[in-house]
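Student: Below is a structure I'd like to ask you about.
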Amino acid sequence: MTGSDRAYIRTRLAANEPPPTRAGPFHAIVQGLFSGPLNIAFTLFSIVAIAFAALPVVRFLIVDAVWQGMDASACQGAGGACWPFVQAKFGQFIYGTYPEALRWRPDLVFVLGALLLAPLLAPAAPLKRINALLFFGIYPIVAFVLLTGGNLDLRHFLIGRLTAWNIFGSATTAGLSWNFWSDYVATAFLVAVLVEVGAALLGARARKASFTALFVFAAVGAVVLAADLDFGLEPVETRSWGGLMVTLVVAITGIVASLPLGILLALGRRSEMPLVRLASVIFIEFWRGVPLITVLFFATYMLPLFLPSGVSVDGLLRVLIGVALFSAAYMAEVVRGGLQAIPKSQYEAAEALGLGYWQTMSFVVLPQALTIVIPGIVGNFIGLFKDTTLVLIVAIFDLLGQLRAAFADPAWASPVTLYTGFAFAGIIYFVFCYGMSRYALSLERRAAVAGGR
Amino acid sequence: MSEIADAGRRKGRSLLDNPRLRAILVQSLLLIAIASLAWMLIGNVRTNLASRNIASGFGFFDVTAGFAISQTLIPYEESSTYGRAFVVGLLNTLLVSAIGIVLATVLGFAVGVARLSSNMLLSRLAGAYVEILRNLPLLFQILFWYLAVLGTLPGPRQSLSLAGEIFLNNRGVFVPKPLFAAGSGAVALAVVAGSALAIILAIWARRRRLATGKIIATGWITLALVLVPPAVTFVIMGAPLSFERPELKGFNFDGGLRVVPEFLALLFALVTYTAAYIAEIVRAGILAIPRGQTEAAYSLGLRRGLTLRLVVVPQAMRVIVPPLTSQYLNLIKNSSLAAAIGYPDFFYVFAGTTLNQTGQAIEIIAITMAVYLAISLVTSALMNWYNRRLALRER
């Protein structure tokens, strides 16, 4: 760096520049807000918009609000929110008409869910695997038993339906029907034998196949057993469920049930077998092409006609089935995005190691693909959470439905009741959705940093 | 012999190891499963319909509907058939969707651009708009507009009025109704002819610009072509247009054109909600264009407006159109939420009232799904065609 090979070398020092006068926060504000006629117009517009929108909201919610009172008389002349109304209806907004003495059960479900979900969502928390197993495997059963009271009272399984199998009459132990469970075990072994024979005919590993079948039966049986046991909890019909509880139940069940189905559909859509691909594409595009409300109507009015006569399915369960099918189609598209992002070399490397299709998918491709699409799944969940409001159209009263019912209460009729109710529900919805979207955003940022993308 | 066969078997050489055979087996199993499921469902449906005495078939389309519809674009009475009600509902859905799409696009582009504004206040305001609207359920917003905004307007006698011509109250908006006299056909013809000429002029000017590089200012001529022929015809034909003004008679307005509050609530909610999503799409689209493009345009001497119009927006559109399409589809599907407030859209009229009255759940829900599917497919086909036109043509 001698400088002798440079073309131009300054020989005199440049004159000192005067200190910058057009700088500093004040100048930045002036430049940013008032730099030209158009900009000034924008600024004025914004100030007017804020003055007309934000200020009245703050006044309504806090300054002019009524905070104490026993009935609508406290709010008659109020210029602000009537919070005693929300206080009086709080139980209804959260639990619907769930019996008051039993509300510790949904409370327990909420608390357990929060305790399991928080470490699952925090990227730094340890024991993800056990946590996920608890949340996706055990928690739904516990929640089901606590919310409904469990004790399904099952009477017949497959053989009992097809034949006149009724050896044990109506004998039960701890809420378990002897007929059902002996039938279940017999069916399990029968299926295992059939699988073994079929596999042997095809030349596959017969013993392994039959053990797999038995294992599946045992796993499903354990779940059904837990739901069928009589824990001495008083049963609560889903008709009396309502409020935020139903909103959360529908949204969480929808997303949890749609994940495995969505993964299968996404794999099917990328399958090399034309029939499998076609079936997946038709399923996905059909559910994505129709509005959710038609799906809910389908579940409420059409599904009962498809079931064998004599079988009736609970109204909320029907809606859950519809929601799960609907969101599975959207989930499939999210997962497909993740599958497409996995480079071909990953598949090839797995193949080179001698892994079969399911091994490739479950050990190599899906773990990577699902990690990528977590923000998309959260986005789906936000959409589903908002869409659960639609169940009020098929007479299931979620938070919004309870709100509407509360408006009709003459005891709380006042000029500000409507606005108060909307403000309360709006805040709840906003906190949930905004929180989740921030979470998805933070995950995306984290992935961007980790992956260097 | 048996040893060799056993060894082969132990290595796992079975029929299932042949990928083609396995594929055929899996697919035939799938086919059998779907077919038997369908067979079982159809059997169940038959027994259920028979036991509940529900008629089947599409004969109900010719039966008198017997219910009134609050907003009809074509003549409809209570004595009209279900088929007619079907068309009325479908037109109402298409009306709210079409107006909603146009308004949501305009508002969405405005908010999206405002979010990128260098004016901090404006961009924050647009950001707050997007976050609030996107994070509240649409049905919540529809009910809010319907119950809390339009529902609390004063009654007809205390209507808010605009220039004594337009009235707003809790029964809806009343505007003067245009009455077309004889000769208005000629004016319409003049509008079409003028517009056609303007389009031809635009095509010619573009060809000439591509061929010679000369830019022809067609703005004023286009405006004249669109406006002058209709105006002249209008005068020659003796002004064949008059307005029927809404008048307050007794407790309600008479005459004029009434826009029902359900329509307004649904439209407001759909437009503001979808616009929030479109704003994000527009913002992402514009941000996707590298800064170098803008800088290159500036260094060529293009001004800010021209840079946006000629360089940034055409490229951003390629990023914007595909997600925009799905927002349009969402808007159309979301218009079915009209059922919650009783706007007589297709869903409310058909899957609501008609289903209730006839009880033919299977036919009606199947048709409803098919209609929404068809509207969605047509819209996405149109948008795909537009997208292909915009696509980068590479050698």
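The values are calculated or read from the model by the stated rules, or taken from the named source; none is laboratory data. None of the values given here were measured: they were computed from a predicted structure. Using ideal geometry, Cβ is built from the backbone for each residue, glycine included, and neighbour counts are taken over all protein chains shown. Areas reflect the complete protein model, heavy atoms only, side chains present, ligands, DNA and RNA absent. Shrake-Rupley method; radii C 1.70, N 1.55, O 1.52, S 1.80 Å.
Student: Do any helices (runs of 4 or more DSSP H) lying entirely in region B:277-395 carry at least 2 residues that are within 11 Å of chain A (Cβ to nearest Cβ), and which ones are they?
Tutor: By residue number, B:313-334, B:355-358, B:361-390.
Student: If we scan region B:79-87, do we find a residue that is farther than 26 Å from B:E363 by Cα and in the same structural domain as B:V312 (by TED's automatic domain parsing)?
Tutor: Checked region B:79-87: no residue is farther than 26 Å from B:E363 by Cα and in the same structural domain as B:V312 (by TED's automatic domain parsing).
Student: Being among the polar types (S, T, N, Q) and away from chain A (no Cβ under 14 Å) is the filter here; which residues of region B:37-71 pass it?
Tutor: Answer for region B:37-71, where residues must be among the polar types (S, T, N, Q) and away from chain A (no Cβ under 14 Å): B:T64, B:S70, B:Q71.
Student: Follow-up. What are the residues in region A:198-214 that are open to solvent by less than 80 Å² (accessible area, probe 1.4 Å) and outside any helix (DSSP H, G or I), if any?
Tutor: A:G203, A:A204
Student: Also, quick follow-up: Using the structure shown, decide if B:R157 is touching a residue at least 60 places away in the same chain (Cβ under 8 Å) and within 14 Å of another protein chain (Cβ to nearest Cβ).
Tutor: No.
Student: Exactly one condition in (1) open to solvent by less than 40 Å² (accessible area, probe 1.4 Å); (2) outside the structural domain of B:T379 (by TED's automatic domain parsing); (3) not basic (K, R) is not met by B:G250; state its number.
Tutor: Result: B:G250 passes all but (1).
Student: Right, here's the next one. From the list A:V295, A:V256, exactly one residue is at pLDDT 85 or above and more than 30 Å from A:D183 (Cα to Cα). Which is it?
Tutor: A:V295
Student: Here's a check for you: in region A:237-247, which residue that is touching an Asp or Glu at 6+ places or on another chain (Cβ under 9 Å) and in a helix (DSSP H, G or I) is most open to solvent (accessible area, probe 1.4 Å)?
Tutor: Filtering region A:237-247 for residues that are touching an Asp or Glu at 6+ places or on another chain (Cβ under 9 Å) and in a helix (DSSP H, G or I), the one most open to solvent (accessible area, probe 1.4 Å) comes out as A:R239.
Student: Suppose we filter B:L308, B:L324 for residues that are free of Cβ contacts under 8 Å to residues at least 12 places away in the same chain and in the same structural domain as B:G108 (by TED's automatic domain parsing); which single one remains?
Tutor: B:L308
Student: Given B:S299, B:S380, B:S335, which one is closer than 20 Å to B:L95 by Cα and open to solvent by 10 Å² or more (accessible area, probe 1.4 Å)?
Tutor: Unique residue meeting the criteria: B:S380.
Student: Another question, if that's okay. Looking only at region B:338-359, which residues are polar (S, T, N, Q) and either out of contact with any helix residue (DSSP H, G or I) (no Cβ under 7 Å at 6 or more places or on another chain) or surrounded by fewer than 21 Cβ atoms within 10 Å (Cβ to Cβ) (or both)?
Tutor: B:T353, B:N356, B:Q357, B:T358
Student: Pairs needed: first member in region B:259-276, open to solvent by 20 Å² or more (accessible area, probe 1.4 Å); second member anywhere, among the hydroxyl-bearing types (S, T, Y); C-beta distance under 8 Å; at least 6 residues apart or different chains.
Tutor: Note: pairs meeting the criteria are B:E262/B:S70; B:E262/B:Y146; B:E262/B:Y343.
Student: Which condition does A:F217 not pass, out of (1) part of a helix (DSSP H, G or I); (2) surrounded by 18 or more Cβ atoms within 10 Å (Cβ to Cβ); (3) touching a residue at least 24 places away in the same chain (Cβ under 8 Å), if it passes all the others?
Tutor: Just one mismatch for A:F217, condition (2).
Student: Here is a list: B:G183, B:G151, B:G155. Which entry is open to solvent by less than 50 Å² (accessible area, probe 1.4 Å), assigned by TED's automatic domain parsing to the domain that holds B:Q327 and modelled with pLDDT under 80?
Tutor: B:G155 is the lone residue from the list that is open to solvent by less than 50 Å² (accessible area, probe 1.4 Å), assigned by TED's automatic domain parsing to the domain that holds B:Q327 and modelled with pLDDT under 80.
Student: Would you mind listing the helices (runs of 4 or more DSSP H) fully within region A:338-398 where at least 3 residues are open to solvent by 20 Å² or more (accessible area, probe 1.4 Å) and either under 23 Å from A:R288 (Cβ atoms) or touching a strand residue (DSSP E or B) at 6+ places or on another chain (Cβ under 9 Å) (or both)?
Tutor: The qualifying helices (runs of 4 or more DSSP H) are A:366-372, A:374-387.
Student: How many residues are within 7 Å of another protein chain (Cβ to nearest Cβ), β-branched (V, I, T) and under 21 Å from the mean Cα position of the chain (by Cα) when one looks only at region A:261-297?
Tutor: Total meeting the criteria: 3.
Student: Could you run through region A:230-247 and say how many residues are closer than 20 Å to A:R404 by Cα and in contact with a Phe, Trp or Tyr (Cβ under 8 Å, 6 or more places away or on another chain)?
Tutor: Of the residues in region A:230-247, 8 are closer than 20 Å to A:R404 by Cα and in contact with a Phe, Trp or Tyr (Cβ under 8 Å, 6 or more places away or on another chain).
Student: Can you report the number of residues in region B:235-247 which are of a type in the set (A, V, I, L, M, F, W, C), in contact with a helix residue (DSSP H, G or I) (Cβ under 9 Å, 6 or more places away or on another chain) and open to solvent by less than 70 Å² (accessible area, probe 1.4 Å)?
Tutor: 1
Student: Follow-up. List every residue pair whose Cβ atoms lie under 7 Å apart, where the two residues are 6 or more positions apart in sequence or sit on different chains, the first residue falls within region B:90-118 and is within 14 Å of chain A (Cβ to nearest Cβ), and the second residue, located anywhere, is surrounded by fewer than 18 Cβ atoms within 10 Å (Cβ to Cβ).
Tutor: As it stands, the answer is B:R115/B:G127; B:S118/A:G32, since those pairs meet every condition given.
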